[in-house]
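Working notes, structure below.
The values are calculated or read from the model by the stated rules, or taken from the named source; none is laboratory data. Computed from a predicted structure; not experimentally measured. With ideal geometry, Cβ positions are generated from the backbone for all residues, glycine too; neighbour counts draw on all protein chains shown. All accessible areas refer to the heavy atoms of the entire protein, side chains included, with ligands and DNA or RNA removed. Shrake-Rupley method; radii C 1.70, N 1.55, O 1.52, S 1.80 Å.
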Amino acid sequence: MVIGGGNAALCAALVAAESGAKVMLLESAPRDERGGNSIHTRNIRCMHEAPQDVLTDVYDADEYFEDLLRVTKGVTDETLARIVIRQSSSCRSWMKQHGVRFQPSLGGTLHLSRTNAFFLGGGKALMNAYYRSAERFGIQIRYQSPVVGLVCEGRRIRAALIGEPSAADRDDVRLEWPVRERIDAKTIVIASGGFESNIPWLTEAWGEAAANFRIRGCRFNRGRVLRQLIDAGAQAIGDPRQCHAVAIDARAPLYDGGIVTRVDCVSLGIVVNTEAQRFYDEGEDFWPKRYAIWGRLVAGQPQQLAWSVIDAQAQGRFMPPVFPGEEAQSLPELARKMKVPVAQFMETVEAYNASVVPGRFDHAVLDDCHTQGISPAKTHWALRIEKPPFKAYPLRPGITFTYLGVKVDEQAQVLGFDNVFAAGEIMAGNVLGQGYVAGIGMTIGTIFGRIAGARAATMALGRQARPQGILQ
Amino acid sequence: MTQASRFRSIMLSPAQTEGARVMGICNSCRYCEGFCAVFPAMERRLDFNAVDMDYLANLCHNCGACYHACQYAPPHAFALNVPRSLARIRKASYAHYAWPVALGRLYQRQGLLLALALVGSLAVLMFVANALIGSTATLGQQSFYAVIPHQTMVVLFGSVFSFAVLAMTVSAWRFWREHAVENQPGADRESLAAIAGLRYLDGGGEGCVEQTDAPSLARKHLHHASFYGFLLCFASTSVATLYHYIFGWQAPYDLLSLPVVLGTVGGILMCVGSAGLLVMRIRRDRRLGDPEQYPMDVGFVSLLFLVAFSGLVLLVLRDTEAMRASLIVHLASVLAFFVLMPYSKFVHGLYRGLAILKHHREQKSPNPLGLSEG
């Protein structure tokens, strides 16, 4: 039995079916919304010793691991991380067998062409391919089947309790929901994601600020199974108070805003809060390396709201945002549209403009356009905000995923249980204790999904375990 | 840019406004970039005016791949449906570029138009054939010209066909006047290969989606059969015309003669292709297209099938009593086809070809945008 319907769940189900196991997959979402957060992804980070079809150059295991060490600041399990990295070099041929197709890196993502293989059509196309393959393999797929309870017996989980479809996007994870059906299984793979869609739960860590967060992924990741698993004795891993938060357009829908809600002009202008004050160096580093800290920065501002302000010089230099900015011919007019104090806004912009040291602007490098004698400084790409029309884009924290999960071993087995395996976001914290590097979520999900599926199948069929051999 | 097209760049129709909204969201996402030409063309723009939307709409081959891949498709609040949005604009663009302009509104009544064209053609041919009974007995039973004299055929079909060619030439000119871009070395050759090979009718390699999200190359193959079958039939008619005027050889020709072989092979290909396309169109997931365009699509492939099938029937029956009736039916379907050419789905090839020409020229010129990586 596989609980979940995203990338890790499907990888587990497919490998288990390939091994000859009878597989049932429980997806809490309806058919049209299946696939969890994976439908919003676009690539997978893969190591390779030489150029491979869509991947350029070389990205070896050590560099991969160093990247991981850098973003996690060492909060990773090296053994598990090395398994993920090693197998990431060969997993794509397996993915292709299941109908997944790849393409060269997308427009505006050349910086990822060496490290990340892009799915043709994105993550939803990938999930469609996996679901089609699952149907061909005879995997029983049950949509709208949220698991509301796990039946434990000592160190084993005997069965999952399926609730009404309406339980799929409810927040009360500890409540006893009506049970529609009990499904028994010999082994269970849990790939049901994190709890980022559960705003009351986020409030435990972030306080009332969480009410102003937007969730970049689906509405189904309420953490119901994660909670039950931890309550049943699984060992938790990952900081329960942390989540991956980026700055996104404040007008994004509460759920499923996905990639398009990003605002890519932060480094080209200045960012002010609702009190019209700047609060961080907008030009600290290239935007792809900085967008992930801005979620937290904006979360720390009043009302969890900030504005990225640019002038005509920035126009046409950044990826087109999905919502049009507030536009004005003068700065006071813009401030009024932003509903921030006009006098303070003018003071902030004038102080910033006065501090700009002229240089040679080049957005492709860390240029020498910076400020002097102002705090916070803007260390690169600092140009005066002076040419109308002026534009402002509202920013809010957008939550991508949470770090809290369950501890697993090299076999993806959940510590404390004999027949339970975990894959994907629910165990990603083992490898990615903090931070993020593009495409690693899909790598962890794919590799541990396959390990979990293979081990669960082997155990269910009563065969001798063949550690990882089955995957090669 | 002409005065009229400047105006059009500001005034978007409701369908174009929706298309521009959709493209605005797609342009921030770009996951579908590898499927076809539409998305790379979109990425060269930040805003979308009416001309841009007509261009992108005609570049779209309606393979449907991007609908199922879309993370913003219904039930998402953004409710993106790229294939349908572009299909709506495309159909309106056929009417917009049609010539004479007043006849553009025929695109709104495709079912009625098809029926009238068929009945009208049949009536004309039966009238001609009846008026001649007895007067051409000297030509013998097996001669097609005993039923409809050669001269009458030439005048009737020649004038209708010439008008169709004229109307479509003017339409093409009206389109290109708004869309022309500077030529680049090698661009047009690439375009021709893309057109001849239906490069963009395959969802990025594995084919179009039909009833489910599973891709299939069936539509591409059936389209090839219809298109090249049509060209073979056209070649057959051209060869027969040469036979008639240069060598003085009169139809019907021997079974192994070039016109009959070309026509037979072409007719079979067209029959298989159009019948297959018709079945696929009827079964296809309706969400992928514009419901208002359904009669146009179904009507057009049905007529194509009728032309091909009646031609093959004529070949089989040409030595029998039924030759006369089958000849009239075949000629009526061909005449109706000629009449409808400039005001039916037939023009999709015209505008799509020009849009592809524009696309490859554009792709070979420097990108006007210099966006930073995000």
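Values computed for the structure shown
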read-out	value
Alpha carbon centroid spacing (whole Å) that separates the range B:254-328 from the range A:69-87	62
Per-pair calculated FRET efficiency, R0 = 41 Å: B:Ala102 and B:Glu321 via Cβ, rounded to 0.05	0.40
Mean projected area in nm² (Cα convex hull; one quarter of hull surface) for the range B:183-255	8.6
Interface B:A - total buried accessible surface [probe 1.4 Å, Å², rounded to 100]	3100
Estimated Rh, chain A: Kirkwood, alpha-carbon pairs, angstrom	23.2
10 Å Cβ neighbours from other chains, averaged over peptide B:75-86	2
Cβ-placed point charges (K, R +1; D, E -1), dipole of the protein assembly as shown about Cα centre in debye, nearest 20	1560
At 1.002 mPa s and 20 °C, Stokes diffusion of the range B:52-126 via Kirkwood alpha-carbon radius, µm² per second	145
Point-to-point label distance, A:Phe279-A:Ala236, nm (Cα→Cβ direction, 7 Å offset)	2.7
Packing-based order for A:160-170, A:248-258, using average beta carbon neighbours within 10 Å, highest first	A:248-258, A:160-170
Hydrodynamic radius by Kirkwood, which averages 1/r over all alpha carbon pairs of the range B:1-111, in angstrom	14.6
Projected-area average for the protein assembly as shown over all orientations - Cα convex hull basis, square nanometres	41.2
Partners for A:Lys407 among lysines (Cα-Cα distance below 29 Å; same-chain residues under 8 apart left out)	A:Lys22, A:Lys73, A:Lys124, A:Lys186, A:Lys289
Mean residue ellipticity (222 nm) of chain A, computed from DSSP H runs ≥ 4 via -39,500 (n - 2.57), nearest 500	-8500 deg cm²/dmol
Residues whose placed amide H lies under 5 Å from that of A:Ile237, excluding near-sequence neighbours	A:Gly405, A:Val406, A:Lys407
Magnitude of the charge dipole, the range A:283-435, Cβ model with Lys/Arg +1 and Asp/Glu -1, debye to 20	400
Kirkwood Rh (inverse of mean 1/r, distinct Cα pairs), chain B, angstrom	22.3
Peptide A:318-325, shielding by other chains (average Cβ, 10 Å cutoff)	6
Relative compactness, the range A:127-189, computed as alpha-carbon Rg over 2.2 N^0.38 Å	1.28
In sequence order, calculated HN-Hα J values of the range B:61-69 (Karplus, 6.51, -1.76, 1.60; Hz; x Gly/Pro)	9, 6, 6, x, 4, 6, 5, 6, 7
Chain B - percent of accessible surface contributed by carbon and sulfur, probe 1.4 Å	68
DSSP H segments from chain A that extend 27 Å or more along their own axis, Cα-based, with Kyte-Doolittle mean of -1.0 or above	A:440-460
Axial C-alpha extent at least 18 Å, average Kyte-Doolittle at least 1.6 - helices from chain B (DSSP)	B:110-131, B:258-283, B:294-317, B:323-340
When the convex hull of its Cα atoms is projected in every direction, mean area for the range A:1-123 (nm²)	8.9
Debye, to nearest 20: dipole size of the range B:33-120, +1 on Lys, Arg Cβ, -1 on Asp, Glu Cβ	360
Calculated on alpha-carbon atoms, Rg and Dmax of the range A:6-49 in Å	13.0, 41
Packing rank of A:333-341, A:349-357, B:157-165, where each peptide gets the mean count of other beta carbons within 10 Å, highest leading	A:333-341, A:349-357, B:157-165
Amide proton proximity set for A:Cys152, modelled H, under 5 Å, gap of 5+	A:Arg158
Dipole of the protein assembly as shown, positive direction: furthest Cα of A:Leu383, A:Ala167, A:Gly429, with charges on the beta-carbon	A:Ala167
Inter-chain shielding of A:299-307 (mean C-beta neighbours from other protein chains, 10 Å cut-off)	0
Shielded residues, the range B:327-374 - accessible-area loss of 40 Å² or more between chain alone and all protein chains, probe 1.4 Å	B:Leu371, B:Ser372, B:Glu373, B:Gly374
1.4 Å probe accessible area per residue over the protein assembly as shown, in Å²	40
Against the rule of thumb 2.2 N^0.38 Å, how large the Cα Rg of the range B:137-266 comes out	1.47
Of B:Lys220/B:Lys345; A:Lys96/B:Lys364; B:Lys91/B:Lys358; A:Lys337/A:Lys391; A:Lys337/A:Lys387, those spanning more than 21 Å from alpha-carbon to alpha-carbon	A:Lys96/B:Lys364
